[in-house]
Structures are given as structure tokens and as C-alpha cells.
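One structure is given here, and the rest of the page talks about it.
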Amino acid sequence: MNNILVVNINWLGDAVFSTPVFKALKKTYPQARLTCLCVPRVKEVLQYCPYVDKIIIYDERGKHRFPWRKWKLIRYLKKEKFDASFLLHRSMTRSLMVYLAGIPLRIGYGKFKWLLTDPIDMKQEDIHRCDHYLKVLEGYGIKVHDRLCELRLKVEDMQNLDAKLSRAGIAPQDSYVVLNTGGNWDLKRWSTDSFAALAKRFDQEFALKVVFSGAGKDREDCQRIANTADIRAVVLAGETSLGESLALFKRSLAVISADSGPLHLAHSVGANVIGIFGPTRPEITGPRGSGRFQILFKDVGCNKAPCYHLACSNNLCMQSVTVDDVAQAFKKIQA
């Protein structure tokens, strides 16, 4: 195979979990050009995967929602003359697109197996998301030797971050921790009071600078937590590019976060992480990078935990993780 298309999934964390797929393909077919078909929201993440040679955007909710636009994309895929496609996404639309593009080998998950030359059985297994995606390769007979997620920093991102940290009062020799307070749904978030108490503890007990990361929508909450902690924290939420965020994570002593995209981004660049889990399962979406890590997850006696239960009334699984738990996990990482 010299020209391979990988049809990727839709979410940031899952995009990180897909990086071992590209690594395994590049190891098996070192001369091959690897192209990724993905939605716009994960494009930037995959630009930091060293094994992806080209990215093609499938804007399923934007311009490609119209049938004639889909057909135009299919014609483009056909002109690329791919030898094979690996589908990590089981979408019927994506399976149909690679079928109509005339790609000879179509390997992967799919609701309509007749659209694929090598359909992979989707067994209901409690396996890590990385392993779920790698099973597409293994089902075709490709051996996987490295299951770690990997993103690579760019020099200019490190330089830009250093400049921002310097303006915020953090010198190159200063040590700091990063607190990521956000999450894609509320029940995965640790409480703001807990983050405030943790920030204060890092400042007073560990004598470390505290940096809050996140998106622009998280900035107000981060500032409120910093004010509650009554410390001179640095709030960079909404002020860093993806690359600068990766550099921020890499340079830190540790990144503390709930189960979220930033947790997995951090671990993929080799940062040390502490993951606070509640309604999601560490064995399925736990960190899979090269840094050191600690997972905090409490069995609170709930027969639905881990549950992914959006209507939970008390969020006890998350609130049972204490500031002391995180402090002890930090000490273990630093030991």
C-alpha cells in the first residue's frame, strides 16, 4: 500500500486516541502517504500527529451537508487514487463515500457491511478507545507494537508560550502546575470549590505557581476559582492556541483535569497528568500517552457507576474525590 486513507472520528479526545493507528500504519507501510478524513473540530489536533501526511476535511454539518457537496468530495477522493481506506467511524455515510470513491480496500467498522471489503466486527467489549480503533488494523492482520498516543510540539509554539508565560510573571526556571477545570458535560467536572482549595494548596504547601488552562468559555470560571483561592494564579483560558496549550502542558510539573480532551492532549505530549474520573470509565478513556499518571476514581456504591448518566442528581462519584486525594497523587507523580 502506498496511498492510504483513514476515516477518523469526531471528538478531540478520540482524535488523540486515534494517533496510534497512524503510527502503526506508518511502521507497517513506511513509504505510504497517510491521509486523514476528519471533521473540522479535530483537524488542528491531527496536524500535531507526526504520522499524518495530509488532512481532508469532511464538514458534515457545514458545506458538506448538501448532497451535491458530498458528491464533489467523493469525486475528489476518487481522484486521490487511494489503495486502501481504514474506517474508524461506523457511519453509513462515510462507508458509502469511500465505496463510491472506488477505493479498492475498505476496512473497518460499518453499519452496512456490504459497503466494506473487510468489515470488522464491533464486539461489545470494555476496552480502551485506542484499542477499539487499533482493532480495525489488527482485524486486517496488521501487527501493533506501540499503543501510546503521540503528538509532537513545534518549536514556535514553545517560543510563543515562553513569551506569554514571561508576560504573566512565570520565568523559564519557575515550576508550575496546570489546572484544567472544564469538561464537555457538567457531570464530568470537579467542583469549583475543590479546584479553588487545590489551587490554594499548591500555592501554599507546595510553593508552586498555578496556571489555569481552557477555552474562552472557561475563562470566567477560572478567574472566579482563582479569586476564591485568593492566590496570584495565571489564567490562560482562551489565550493560547492548541500548540501553545500543548507546550504549556509539557512544561508543567503536572496537569490536573477531569476526563476531557485536554487531559489526553497533555499526556500525548509526555506531560504528567492526574485524571479525576466519575461517570466515565478510566479503563476505556484513561490517559494513554507517555507521561506519568495517576487516576482518581472512587467506588461510591452506586450500581450505575461508572454510568455516563447525564441526569444524575448528586454527582457523588466526582465530589467524593478530595483535595487530599489529588495532593497525594501529585506527590506520587513527583516521587
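A few remarks follow.
- Gained length - L242 relative to D299, 0.36 nm times residue gap less alpha-carbon distance: 17.1 nm
- Heavy-atom accessible area order for S95, S191, S166, S313, largest first, 1.4 Å probe: S313, S166, S191, S95
- Spacing of the two label points (7 Å from each Cα toward its C-beta) at A207 and K331, in nm: 1.7 nm
- Accessible-area order (highest first, 1.4 angstrom probe) of the listed residues W190, W71, W185, W114: W114, W71, W185, W190
- Calculated from backbone phi, Karplus (6.51, -1.76, 1.60) coupling profile of segment 80-97 in Hz, x at Gly/Pro: 6, 6, 5, 7, 7, 10, 10, 9, 8, 9, 8, 4, 5, 4, 5, 4, 5, 4
- Dipole axis of the chain (+1 Lys, Arg; -1 Asp, Glu on Cβ), positive-most option in L316, M1, F293: M1
- Here the chain is treated as an ellipsoid with the same Cα gyration tensor; its semi-axes, largest first and in whole Å, are 38, 22, 18.
- In percent, rounded to a whole number, the relative contact order of the chain is 15, using alpha-carbon pairs under 8 Å and six or more apart.
- The radius of gyration of the Cα set in segment 167-265, together with its Dmax, comes out at 12.3, 37 angstrom.
- Relative pair counts by distance (%), Cα atoms of segment 1-46, 5 Å bins: 5, 23, 32, 21, 13, 5
- Restraint check, K43/K111; K23/K154; K23/K79; K54/K78, Cα-Cα greater than 27 Å: none
- All C-alpha to C-alpha distances of segment 11-94, sorted into 5 Å bins beginning at zero, yield P(r) values of 3, 13, 24, 26, 21, 11, 3, 0 percent in whole numbers.
- Note on Q47 and D59: the model spin-label points, each 7 Å out from Cα along the C-beta direction, lie 1.5 nm apart.
- Note on R147: accessible area is roughly 80 Å² with a 1.4 Å probe, heavy atoms of protein only.
- Of the trypsin sites (Lys or Arg not before Pro) found in segment 172-256, those that fall in a DSSP loop while having at most 13 other beta-carbon atoms within 10 Å are R232.
- FRET E, pair R232, K27, Förster distance 45 Å, beta-carbon r, rounded to 0.05: 0.45
- Test item: Cα-centred dipole of the chain, Lys/Arg +1 and Asp/Glu -1 on Cβ, debye: 1400 debye
- Comparing C38, C317, C302 in a Gaussian network model of the chain (Cα springs below 10 Å), the most mobile by mean-square fluctuation is C302.
- Shown in residue order for segment 148-156 are the 3J(HN,Hα) couplings computed by the Karplus curve 6.51 cos²θ - 1.76 cosθ + 1.60 at θ = phi - 60°: 8, 6, 8, 10, 10, 6, 10, 4, 5 Hz (x for Gly and Pro).
- Computed lengthening from K123 to Y140, 0.36 nm per intervening residue step minus Cα-Cα distance: 4.6 nm
- Net length gained if the chain between L148 and M1 were fully extended (0.36 nm per residue, minus Cα distance): 50.6 nm
The values are calculated or read from the model by the stated rules, or taken from the named source; none is laboratory data. Treat the numbers as computed from the prediction; the structure is a model and nothing was measured. Using ideal geometry, Cβ is built from the backbone for each residue, glycine included, and neighbour counts are taken over all protein chains shown. Remember, those area values only see protein heavy atoms, side chains included, never the ligands or the DNA or RNA. Shrake-Rupley method; radii C 1.70, N 1.55, O 1.52, S 1.80 Å.
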